[in-house]
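FYI, it's all coordinate maths here, none of it is from the lab. Note that the structure is predicted; figures quoted are calculated from it, not measured. Methodologically, a virtual Cβ is constructed for each residue, glycine included, from the backbone with ideal geometry; neighbour enumeration extends over all protein chains shown.
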Amino acid sequence: MTFAATVLTLYPEMFPGPLGVSLAGRALAEGKWSMDAVQLRDFAADKHRTVDDTPAGGGAGMVLRVDVLAKAVDFARGRSGSEILPELGSGRGTAAEGSGGGEGGVDAPPTPFGRSPSPSELGQDFRIPVIALTPRGKPLTQERVRELAAGPGVILLCGRFEGFDERIFEGRDVEEVSVGDIVLSGGECAALMLLDACIRLLPGVMGAALSGHEESFENGLLEYPHYTRPAEWEGRMIPEVLRSGDHAKIAEWRKRRSEDDTRLRRPDLWERHIGARVQSASGAQREVQDLKK
Ligand code: SAH
C-alpha cells in the first residue's frame, strides 16, 4: 500500500518542495509514497475565493473559515476513503464520509446524527488521519510518526494568518499537532517536517534498513554522538574507546553517553525514560508475585 499524503494549503506550490529530492524524492518517483497538494481556495464559496474572515471578538489578523476548511477536509477524506478502504477490505463497511450503516458495518454501533462512526467508536482506525498543524496542538513525537508511517497516509491541514476556526477540530474529528514551541508563519513547513519524518520510515526508503533503529527517541533517549576520520582534527581526538575495536566496551560507552546526554540536555525525556523503566520493573515484579501465588 502506498503512503498517501494529501496537503490542504493556500500554497500548493510549496509541495513536494524539499521532499522532491534525496531519499524522499527518489521514493516519491518510485511510487513508495504519493503527494497531492490541494488548494484551499478551491473550496471557497464566493467569486473572490475568500477563505478567511475577521476574528470574532475583534483583534488583529484573519481566521480560516470553518465552512471552507470542512469542505476541503470532506473532499480529501472522501477521496482517500474510496482509494484506501477497498485495500483494507474485510467487508466491514466503509468508514468514509456519508451515513454509515449498510450490512457491512455489523459491529459498528449506531451513531447520532447519521454521521459515520468515528475511529474510536469502531475500535479500529479505518480512516486516514486528518491532522491540523498548529502551535496549540499536541507536540509531535517519534512514536506518533511511527504510527502514522505504519498507516495508509495522512491528510494535513496547513494554517495561515491567525490560524483555524476552532470548530473544525471537533466538527471533523481533526487531530491538532504542533512541531515545537515556536510560531511559524504557516503550517506548510510543519507539514513538510511531519511528512519527512514519516517517509524515511516507509519500507524500502532508507538504504541501510538498520540505520533507523538506534536513533534518537527510538528508545526514549537521545542517540550517542558520532565521529569519523580524521582521528585527530585541530588537536581534537576521536574518543579512544571508539578506536579500540572492543565492541563490548564501545557498546557500553555509547549506552552511557546516550543516558548522560539525555539526562543533561533533555531532563524531560530522562524523567519519562526513568518513569517507564520503574513502571516496567514493577510490572515485572507483579508478574513474579502472581506466578508465586
Ligand atoms: N495565532 C496562532 C499562530 C498562527 S501561525 C497562535 O498563536 O497559536 C499560522 C499558522 O502556522 C498556524 O495556523 C499553523 O498552521 C502554522 N504553525 C505555526 N506554528 C506552528 C507550530 N509550532 N506547529 C505547527 N504549525 C504551526
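Points to keep in mind about this one:
- Around residue 269: net Lys/Arg minus Asp/Glu count, Cβ-Cβ under 14 Å: -4
- Net charge contributed by nearby residues that have their C-beta within less than 12 Å of residue 55 (K/R +1, D/E -1): -4
- From the C-alpha gyration tensor of the stretch 181-275, square roots of 5λ in Å: 29, 19, 16
- Remark: spin-label model distance residue 67-residue 13 equals 2.9 nm, labels positioned 7 Å along the Cα→Cβ axis.
- Distance from the alpha carbon centroid of the stretch 13-70 to that of the stretch 190-262 works out to 35 angstrom.
- Virtual spin-label span in nm between residue 272 and residue 141, 7 Å along Cα→Cβ: 0.4 nm
- D (Stokes-Einstein, µm²/s), Kirkwood Cα radius, the stretch 232-292, 1.306 mPa s at 10 °C: 109 µm²/s
- Residues 35, 237 arranged by fewest to most Cβ contacts within 10 Å: 237, 35
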